Amino acid sequence: MEGLIYFGTLTILTLTIFGLLFFIWKKHGNWTIVIGIAMLYYWSLSGAWFIIYDLLSSNAGEKWGVHYYYYFEKLFRINLNVDYLYSIVAYGFFIITVELVLFLFPIKANFSEKKIESISIYHPALIIIALLALGGSIFFNYEKIIEAIQNGESIYIYTRFHQGKFFTLHQLCNEIAVVTLLMGIAILLSGEDAKYLRGKKSVVLLVLYLLSFTIVMLYLVILGNRHDLIFGGLIGLYLLYFNLNKIIKPFRFIAFILMIAIPLLTTDTIRSLPWGKYFGQVISKPSPVISAPSTTVTENISSVSLIQNILFSNEMFAAHMSMYGAIHYKIPLTYGSSVVSLGASIVPRIFWGNRPPDIYPYYAKGVHYNDEQGFTIHHVTGWYLNFGWLGILFGGLLFGWLWHYSLVSISKTQFGNSFKRIFFILLPCSIASFIPLFIRAGIEVYKPLFIEGILFPVIVIWFAHFIQKKIINK
């Protein structure tokens, strides 16, 4: 009976969320919304099922392969009390608010849409951009990679603990490389009669894309960079979906999803291995880690352990715990510090070195956490720490409106210059694709959403279109 109120509340919220999602899908028939809401749920509430069960059964979930318990040691323990109940309700309230905006307002444009003239792009330009970005990433992080190899350590772990002065540029190059390739592959799979973005098809282009993608993926998996792969994979998947006029063509979608799934599902295991592992050497020494407790890395990795890591990823728990910390430790509201930080972030640090910090250091201090290891803060927690429950409501309305606007804007792609048209084509893909990164950061995440999530992909595709026009006009 003790867990009835917690499981009951979680069940009611879950049924409400997916019930609303069903009606949204029936009304709009848009699969990007279905996937997006599912991701919001995954990073917000899915972990609650395991936490409640574990707290009622003395961590019985450990037998299944759940391994988030070190968070309790590093951060704080969660108890089944009113604070955790409020935490669950807060996450559900945010998702339901987003859903209500998407459900209540129409997505189709008010005007009758005439046939859209698709925009042509030059595929070789995208491949060259991706390979140049890969080269830039290696250049900016070369020294740290070599040091990791020489020390026989995991490149992922070493580069996270020993970030060079160009680490941000290195990360940016990674994102450009993988996102550019996956958008290009999606356009290629869409065919020459694609609705929005098209390019010439050829076997040579397909081989070049696959070869380039394989090289980039090997590099990213060893680096342990999973976030760019998730964002790039989703934006490519959504672009393929819209480009095919929302028609599901199984072979193309399955092929694209498998390209993303294989490296994505193996990254967690591979990235923590010492470099010697890739040459078959037996390394058996403790390795410090960032997203998992320190363990001894050995040559044998069981398939059971790999499956458990996939099914019970700690992604379900890290951000989820933050709301409980904010409520349980009674952290005072900042009344807009994140808004100030977001505005100040426009000014480069070279001109304003001590810009107002984001909400995470304030949260970490509030829960008395001072370890070097970083954790994520949930987006809903960011709104709560700024404006309380009204902040959660406003945050849900704001993101719901932005997502809704992006879905409406794709109907405007027959108007304006090529840059504006490409912007409106990619906007719904970018917004929905950024959700996994968006939901694990405070209000300040709107800056990277606009710059990295929206602007960079638009510029890359526009450049490929610009080159194509120059070639045609010669």
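Structure notes:
- Any chance PHE424 is in a helix (DSSP H, G or I), more than 18 Å from the chain's Cα centre (by Cα) and either closer than 21 Å to ILE187 by Cβ or β-branched (Val, Ile, Thr) (or both): yes
- Segment 66-88, subset within 20 Å of GLY391 (Cα to Cα) and under 23 Å from the mean Cα position of the chain (by Cα), residue surrounded by the most Cβ atoms within 10 Å (Cβ to Cβ): SER87
- Screening ASP371 with (1) modelled with pLDDT under 70; (2) assigned by TED's automatic domain parsing to the domain that holds TYR41; (3) part of a helix (DSSP H, G or I) gives one miss only, at (3).
Here is a yes/no grid of residues against (1) at pLDDT 95 or above; (2) under 16 Å from THR381 (Cα atoms); (3) among the hydroxyl-bearing types (Ser, Thr, Tyr):
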| position | (1), (2), (3) |
| --- | --- |
| TRP64 | no, no, no |
| TYR70 | no, no, yes |
| LYS74 | no, no, no |
| LEU80 | no, no, no |
| ALA90 | yes, yes, no |
| PHE93 | yes, yes, no |
| LEU100 | yes, no, no |
| LEU104 | no, no, no |
| LYS108 | no, no, no |
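- Figure legend. Inter-residue proximity from segment 79-90: first residues assigned to a helix (DSSP H, G or I), second residues among the polar types (S, T, N, Q) and surrounded by fewer than 21 Cβ atoms within 10 Å (Cβ to Cβ), beta-carbon distance below 8 Å, spacing 6+ or different chains. Indicated pairs: LEU85/THR9; ILE88/THR9; VAL89/THR9.
- Search result, residues across segment 339-359 that are within 23 Å of the chain's Cα centre (by Cα) and either at pLDDT below 80 or within 18 Å of TYR91 (Cβ to Cβ) (or both): ILE359
- LYS470 vs. criteria without any contact (Cβ under 8 Å) to a residue 12 or more places away in the chain and either part of a helix (DSSP H, G or I) or assigned by TED's automatic domain parsing to the domain that holds ILE35 (or both): yes
- Residue in segment 448-467 that is over 22 Å from LEU181 (Cα atoms) and assigned to a helix (DSSP H, G or I) present: no
- Test: residue in segment 192-215 that is buried (at least 18 other Cβ atoms within 10 Å of the Cβ), assigned by TED's automatic domain parsing to the domain that holds GLY236, touching a Lys or Arg at 6+ places or on another chain (Cβ under 8 Å) and in a helix (DSSP H, G or I): no
The values are calculated or read from the model by the stated rules, or taken from the named source; none is laboratory data. Treat the numbers as computed from the prediction; the structure is a model and nothing was measured. We place every Cβ from the backbone using ideal geometry, glycine too, and count neighbours over all the protein chains shown.
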